[in-house]
Amino acid sequence: MPLREDDPHVARIVERLDGLPLALEMAAAQLHTIGLEDLADVLDERLTVLRSPRRSGHERHRDIRSLLEWSESRLTARQAATLAALAVFAGPVTAADINAVLGRPDAADDVRELAERSLVTVDITSTPTRFSLLHVVRMHAAERLRDAGRADELAERHARWFLSVARDADAQLRTPDEERGAQRIESVFGELRAAQWWARSHDVDLAAALCAHLHLYAHSRLVDEPLQWAEQLCATRDG
């Protein structure tokens, strides 16, 4: 059955693989043994299903994992550790965010070097510049972060940093410069969501503080999600 561009499962697969031609070719090759929806579900969790249909060619092009491992092998130990640590971020973040969460004033320098190797994407159209990982790279980096035993540590550092971001932005909302405060919250909303998700399971006080500092933003900008977080948190505490 031919694939349709407007099929939602096709859209999920393309999004998960960031439109990378090699990854899409590998995904298409699996469709004779796995359904489209099942493939989209699998790609949410792991990369091992992606293998090249070509029997010839360099070994590093046989599957996505091999390609990423080859790229990783060309990094210094510090660069590799930085790449793994970037998996803690949900989306594009600034150099200041990276330095704060990774706990090194020069961490963003490593990130720029990773960008030169096409392992990090850079958005120079935003001010300040923002850095992020493609989904397939983030999945690999997350595995490395778990293997290093640093996932919990960095998740906590991430949550505490973005709580401070929310606190500062909330204060700014109460000044004539409120628009800039709202923009800061909007620019890292994915990070705030990730922080809330982590805090609900690990630090309820932090989760509550995050809701409190997003309360004015939620009401003034008609954004329901932070209010829903607060309701869910109250229900959990009452239960």
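Relative contact order, whole percent, for the stretch 180-239 stands at 25, derived from Cα pairs under 8 Å and 6 or more residues apart. Put simply, the amide H of Arg130, placed in the peptide plane, has neighbours under 5 Å in Asp123, leaving out anything fewer than 5 places away on its chain. The 3J(HN,Hα) values that the Karplus relation (6.51, -1.76, 1.60; θ = phi - 60°) gives for the stretch 87-95 are, in residue order, 5, 5, 7, 7, x, x, 9, 8, 4 Hz. Gly and Pro appear as x. Surface listing: Asp177, Asp224 arranged by accessible area from highest to lowest gives Asp224, Asp177, probe 1.4 Å.
Here the Karplus relation 6.51 cos²θ - 1.76 cosθ + 1.60, evaluated at θ = phi - 60°, turns the backbone of the stretch 213-221 into coupling constants of 6, 9, 5, 5, 4, 4, 6, 6, 9 Hz, with x for every Gly and Pro. In the stretch 141-200, the alpha-carbon atoms span a convex hull of 73 Å³ per residue. With only alpha-carbon pairs counted, each pair once and no self-pairs, how large is the Kirkwood hydrodynamic radius of the stretch 128-239 in angstroms? By the Kirkwood definition, the hydrodynamic radius is 15.0 Å.
The values are calculated or read from the model by the stated rules, or taken from the named source; none is laboratory data. Source: prediction; values computed, not measured. Each accessible area value is taken on the protein alone, full model and side chains, heavy atoms only, with ligands, DNA and RNA left out. Shrake-Rupley method; radii C 1.70, N 1.55, O 1.52, S 1.80 Å.
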